[in-house]
1. Multiplying the sequence separation of B:ALA327 and B:ALA18 by 0.36 nm and subtracting their Cα-Cα distance, what value in nm do you get?
2. Tell me the label-point distance for the pair B:HIS385, B:LYS157, using the 7 Å Cα-to-Cβ offset, in nm and rounded to one decimal.
3. Along Cα→Cβ, 7 Å out, is where each label goes; now give me the distance between the ones at B:ALA237 and B:GLU50 in nm to one decimal.
4. With the dipole of the protein assembly as shown worked out from charges on the C-beta (+1 for Lys and Arg, -1 for Asp and Glu) around the Cα centre, which of A:GLY307, A:LEU363, A:GLY90 lies farthest toward the positive end?
5. Taking chain A as a Gaussian network, Cα atoms linked when under 10 Å apart, which of A:SER76, A:SER372, A:SER321 shows the biggest mean-square fluctuation?
6. Fewest Cβ neighbours within 10 Å first, please rank B:ARG128, A:ARG392 accordingly.
7. Any chance you could check the Cα centroid distance between segment B:35-54 and segment A:151-209 for me, in angstrom?
8. What percent of all Cα-Cα pairs in segment A:245-424 falls in each 10 Å bin, counting up from 0?
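Bear in mind these aren't lab numbers, they're just calculated from the coordinates by the rules spelled out. Quick caveat: nothing in here was measured; it's all calculated off a predicted structure. Backbone-built Cβ (ideal geometry, glycine too); neighbour counts: all protein chains shown.
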Amino acid sequence: MTLNRKTAPQFQPVEQISLIRPEHIKLDNGSNLFIFNSGDQELVRIEWIFHNLRFDPAKPLLNVAVNSMLTEGTSSRTASEIADQIDFYGGFLQVDYGYDTSQVVLFSLNRHLPKTLPVMKDIITDSIFPQNELDTFIRNQQQKLQVSLQKNDIVARRKFNKALYGDTLYGLGADFDDYKTLHREDMLAHFRQMYQPSNCTIVVAGKVDQTIVDLIKSSFGSDWISHPVKADTHQPELTPNEEHFYFIEKPDALQSAIRMGLPMITRQHLDFPALQVLNTVLGGYFGSRLMANIREDKGYTYGIGSGLSSLKKGGAMFIASEVGADVCRDAVNEIEKEITILKTELIPDDELALVRNYMMGSLLGSLENVFSHADKFKNIYFSGVDYDYYDRYTDVVKSVTAEELLQLANKYLDLDKFYKVIVGKY
Amino acid sequence: MLSVFRYYMVKFNRFILANGLRVIVHEDHTTPMAVLNILYDVGARDEDPEKTGFAHLFEHLMFGGSVNIPQYDEPLQRVGGENNAFTTNDITNYYITLPAENIETAFWLESDRMLNLAFSEKSLEVQRNVVIEEFKQRYLNQPYGDVWLKLRPMVYKKHPYRWATIGKEVKHIEDARIEDVKAFFKQHYNPQNAIMVVGGNISIERAKELAEKWFGPIPAGEKYHRELPKEPMQTEARRETTSAKVPLNDLYIAFHMPGRLEAGYYELDLVSDILSRGNSSRLYRNLVKDKQLFSEIHAYNMGSFDSGMFVVEGKPIEGVSIETAEAAIWEELEKIKTEPVPDNELTKVKNKTESTMVFSEMSLLDKAMNLATFELFGDADMLNHETEKYLAITEQQIQEQAQQVFRKENSSTLVYLAESH
């Protein structure tokens, strides 16, 4: 029998996704502990997640600086000692600042946890932000900022965020002088208010047996108590700018950075899963319309994509690319053309079927290990939705119609409301 | 010694098809996914010095349709799969992840493009443009982006590592012709020059059956015999100064070191950890924190298969002269040459290496790629002995290797100055 290489083999669409749900323990001190126990490797990832404090325009960098400097010293340990003790036991300590929450993350082999956990407790409960370390931090950040500001894509993103979100944590693009507003006393006060049990969610994933749960409870349980002043985590409303077009000229640019988009609904909205399908069609995967047209047909760029962000105070849809400086205007026209097509023509059955399967496969593939299951949980937990969200998501991906997507495009993708930022030549 | 010895085991089976294709199967039934990874034994080092960037351009063309399948990505996405590829100076690696029940689609797609490509002029024209935009995005339109275009030819005078995978210049990409593409395919893309790893929720029997079915009929092709010029021993210090519209000065010192499979490689890999891995490392602690000479500094080993490269790179604080910065780096290098690494510090970097290996077992794709690479080195099972090799290293061996490598006459120093503006 000759092999038929022209015809694709039979395949099965992905029907079901099964997610590991956490065990939830409310600790005596008010913090929430979520446990994901699965996997063969004797290791864990522990995340301590805190909501950022209210944005203060006069001291815009407090949230990010306090988080970044948690590794820089406590009453009993210098920055060096912290690094030594984690590294010696093969651990990985990360601090991650995000728009809504900031976190401290430890990756550790289970057998070393009795040695690594006390260091974590120390930095989360007793950081002191030594002045010499703060001076070093400020100087190094200011130097790095100068390099970042020469990258067109970064400049475009900063401008875009400022336009969409105004004077908030989301709109913040630190400038050189902002670093001068950082003072140790403010950081200590910020730290005390933010990094306290009542503002803390702990997520543990890995091979988590009772010994490990007990270790965490004994370190972060009853003897870690909340501050009398509750963390003020209410953020100001977003204030989008009136001006929708921004062009920052770079006469020597070989490529221009393009960033376009508009405020959008968030994960809590019932339309969100269908919007994710629409976004995938437009620019959410390698075979997307933007990639097919602007990269694979025209060769204007190495890459182009679109995305949805869903944050506490609001969401956005955005399109980003770096394109040849001489074809920037053409690229923008093609992007707008693709959006218009989504609003005027039904997505062909064949393409929609492909996108459905791709998205289901991608969801399945994103559940690589127990850490990914914890990540899926965080997505919904911090968006204020529950596991039904994923059922709704898979239902919509499998069943949304081309007509519904056309309506959705008309409802949400108003080209007149798009913000457009160009850095380079136009 | 703190580490308790543990035998890391990524289990696998191996078979070879009659046409020479080496196949590794790693069963992992904890995941609903499968991976198909194909490593082709060709990289930028195999290019004609007048046609550089070709291996990487070719990688792009592998997505432009094959002899029986006009569209590569579309049928894969249709079954819920994702793919990508990368080219290095040494190899070209293609990978697919997809729901395990649809693994046959991956076999179908990969076997057809190993059989023959469509060689479309349109695809060549578009991908030339895409790669030129990639060249601009990564190397020309970024602050310090052209460092590797300058540093490689300083370090390597004869070996093809003297150019970057993107190529020496944009013109080489513009000049690529369809005849070149066909010749390159014939020379490098056949079963004898490839290693396939199938991983995930699939049985060895099924993997064998599918490999025979789809890859078995592909002609063996000719085995490519690599004969690269050997890089002559460097005998005097090299130094260049360049300037550009960047905000800060930048300093690079590069050294020749053993290749991936040569004696001394593992020692120097640990040296790079001692110098630069994490906030407890020497360069960060001494030069960024204590002496406040750099805003950032890194030391790394390029992991090259042939003659290797060890790089120390740092951006001095404004107001710190290049001479001072350079002297401070050399002081640290001298220290590691003359003073034994304390036990605690050596244990620390070994523990870090060990835990990195355990964490890498969490990723199916990482395991598949690692198996392919070690099979290329001679035996996929070498992956399971990596940690042992690091753990066995002594402080004397570290010192000996540091003395061999960190010599002025083995160094190439590139001073990248900020033009005042």
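1. Gain on extension, B:ALA327 to B:ALA18, equals 105.4 nm.
2. It is 3.7 nm.
3. The modelled label-to-label distance comes out at 3.8 nm.
4. The one lying farthest along the dipole's positive direction is A:GLY307.
5. In the Gaussian network model the winner is A:SER76.
6. Listing B:ARG128, A:ARG392 from fewest to most nearby Cβ atoms yields A:ARG392, B:ARG128.
7. First find each Cα centre; the distance between them is then 43 Å.
8. 9, 35, 35, 18, 3, 0
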